[in-house]
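Working notes for the structure below.
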Amino acid sequence: MTLRPLLSLALLTAAPAAYAQALTPAETTQIDSLVTETLARTGAPSASVAIVRGSQIVFAKAYGKQSETMKAANADAPYQIASVSKQFTAAALLLLENEGKLSLDDKVSKYIPDITGGDTIALRQLLNHTSGLQDYWPQDYSFKAMATPVTPQGIVDRWAKKPLDFAPGAQWQYSNTGYVVAGMIVEKVSSESLLSYLDRKIFKPLGIKAIDQDLAVGPGYPQGYGRNALGPVRVATPAAHGWLFAAGELSMSARDLAKWNVARLNRAILPPEDWAAQETAVRLTDGSTNGYGLGVSTGNSNGRRYIEHSGEAVGFLSENIVFPDEKAAVTVLVNTWSGDAYQEIAQRIIKTVLPPPPADAADSAAMKKVRTIFDQLRDGTLDRGLLTEDADFYFTPVVLADFKASLAPLGKISDFTQMGKSRLRGGFVNRNFRVTFADRAVGISTYAEPGDGGRIEQFLVAQVQK
């Protein structure tokens, strides 16, 4: 998955134009303190952090509990980076284009048959999320089918043969499905597995050790965790094999991901024009853009350019931000998919702010429904008529008990606010909210069917910074 919607990316507000190479002892102490404090307060078991400054890796360290069996945090342990992997899939297609084996302007049907609109979807539209293919995993939890192994073709058969959500190029909608198709094309054209191609062309030349996240389990590997609302931290049950593939299949350490960030800053491995293509925001047919390029988000905050992507796998969250003009980057990987520890750690390293936009009438109506469900969950009740089949499946007796036990004691609500804009994903409307109490705040991440009477597909609660 990706672009964890609970909180928005925030960016540096002020900094010198050039950085010293090494961290000072005071900076190192401050980073140690803020990571340790954030883990303790949020309940996130561990974090792996890497910092690039002056196009060099100047810091790489792991903190906390990486699994039930690992006795000490290991900075070289591979975390599941999930959708941060998308930029590598995009790079693979760019490299194949350089080899003359395909063009990003080719249509999907040239390589993969029987995909809806395949004769109108260009390969680059798979990479910039404008294909119109419906996302197969918009939820921030494991839905029912994820208990069973799947193949890329299985995902394509179920989701890529539905009617398109829009004409290719007309809208932007995050689509893991599009990246699965892109990965299949890489394998067909290169005649090798996606991971093998990336290893040969990118990872080995950069000294990166990357493995399939489905295999990054067991002794010696970080274990994923989660929470139901503000309940106890529990070991997360991994999804069955195959559910991320080219949309997010990679596991690596923060240090190794930082090596890729250095390559981006130095324009190494890929030709400079390919880096530029990846970082060029897509324009829709109406001329608008949201800043997304080929597997990365781009933007400018307070005069500072950034290239960014986040990721979410079962039990893991990741944030990777590159500041090209400052020759700097920050990578934060955590082994929980609950809360905002990964973003807060990045924010406290970078010091960022991003104000929320005002809500419209539809958002106001949605907020009333969300508030109703939130109040029900605090009381231990739930009108299941407001839920889709998947959301009904999610709210087991254990989940309901965790929600009530952790939310009921929070007391009087002082503020209930939507964070950011609503957006379409996977056939649902995503909205996120912040609920403030006297001594803490929580975030609510929701997906709902479109329309006034749309049922709730996702309703997740996690602690956020007050």
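The values are calculated or read from the model by the stated rules, or taken from the named source; none is laboratory data. As the structure is a computational prediction, the values presented were derived from the model and not from experiment. Here the Cβ positions follow ideal geometry from the backbone for every residue, glycine too, while neighbour counts run over all protein chains shown.
Exactly one residue among Arg371, Arg434 is basic (Lys, Arg) and either in the same structural domain as Asn176 (by TED's automatic domain parsing) or not in a helix (DSSP H, G or I) (or both), and that residue is Arg434. With respect to (1) of a type outside the set (Lys, Arg); (2) touching a Gly at 6+ places or on another chain (Cβ under 8 Å); (3) not in a helix (DSSP H, G or I), the lone exception for Gly154 is condition (3). Can you name the residue in the range 299-322 that is over 16 Å from the mean Cα position of the chain (by Cα) and not in a strand (DSSP E or B) and, of all such residues, is modelled with the highest pLDDT? Checked the range 299-322; the qualifying residue modelled with the highest pLDDT is Gly303. With the requirement that a residue be of a type in the set (D, E, K, R) and farther than 19 Å from Met184 by Cβ, what does the range 229-260 give you? Selection gives Arg234, Arg255, Asp256, Lys259. Taking every residue in the range 384-403 that is basic (Lys, Arg) and pairing it with any residue that is at pLDDT 95 or above, at least 6 positions away or on another chain, the pairs with Cβ-Cβ distances below 6 Å are Arg384/Asp392. Scanning the range 194-229 for residues that are more than 14 Å from Lys259 (Cβ to Cβ), touching a residue at least 60 places away in the same chain (Cβ under 8 Å) and either in a helix (DSSP H, G or I) or acidic (Asp, Glu) (or both) turns up Leu194, Tyr197, Lys201, Gln213. Here Gln87 fits the description: under 27 Å from His241 (Cβ atoms), touching a strand residue (DSSP E or B) at 6+ places or on another chain (Cβ under 9 Å) and part of a helix (DSSP H, G or I).
The set of residues in the range 397-455 being surrounded by 15 or more Cβ atoms within 10 Å (Cβ to Cβ) and acidic (Asp, Glu) consists of Asp402 alone. Checked against the criterion of being closer than 21 Å to Leu230 by Cβ, modelled with pLDDT of 90 or more and touching a helix residue (DSSP H, G or I) at 6+ places or on another chain (Cβ under 7 Å), the candidates Val334, Val296 yield just one match: Val334.
The rows are residues; the columns are (1) in contact with a strand residue (DSSP E or B) (Cβ under 7 Å, 6 or more places away or on another chain); (2) surrounded by fewer than 18 Cβ atoms within 10 Å (Cβ to Cβ).
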residue	(1), (2)
Val108	no, no
Pro113	no, yes
Gly117	no, no
Ala122	yes, no
Leu133	no, no
Phe143	no, no
Met146	no, no
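Restricting attention to the range 266-297, the residues that are crowded, with 21+ Cβ neighbours inside 10 Å and touching an Asp or Glu at 6+ places or on another chain (Cβ under 9 Å) add up to 3. Screening the candidates Gly242, Gly231, Gly226, Gly248 for the property of being of a type in the set (Gly, Ala, Ser), within 30 Å of Arg283 (Cα to Cα) and outside the structural domain of Phe428 (by TED's automatic domain parsing) yields one hit, Gly248. Selection of the range 22-56 for residues being touching a strand residue (DSSP E or B) at 6+ places or on another chain (Cβ under 6 Å) and under 16 Å from Ala258 (Cβ atoms) yields Ala22, Leu23, Val35, Ala47, Ser48, Val49, Ala50, Ile51, Val52, Arg53. Is the range 171-188 home to any residue that is within 19 Å of the chain's Cα centre (by Cα), of a type in the set (A, V, I, L, M, F, W, C) and under 22 Å from Glu457 (Cα atoms)? Within the range 171-188, one or more residues are within 19 Å of the chain's Cα centre (by Cα), of a type in the set (A, V, I, L, M, F, W, C) and under 22 Å from Glu457 (Cα atoms).
Restricting Glu273, Glu249 to those that are in contact with a helix residue (DSSP H, G or I) (Cβ under 8 Å, 6 or more places away or on another chain) and of a type in the set (D, E, K, R) reduces the list to Glu249. Is at least one residue of the range 125-144 at pLDDT 95 or above, in a loop (DSSP other than H, G, I, E, B), among the hydrophobic types (A, V, I, L, M, F, W, C) and within 21 Å of Val84 (Cβ to Cβ)? Taking every residue of the range 125-144 in turn, at least one turns out to be at pLDDT 95 or above, in a loop (DSSP other than H, G, I, E, B), among the hydrophobic types (A, V, I, L, M, F, W, C) and within 21 Å of Val84 (Cβ to Cβ).
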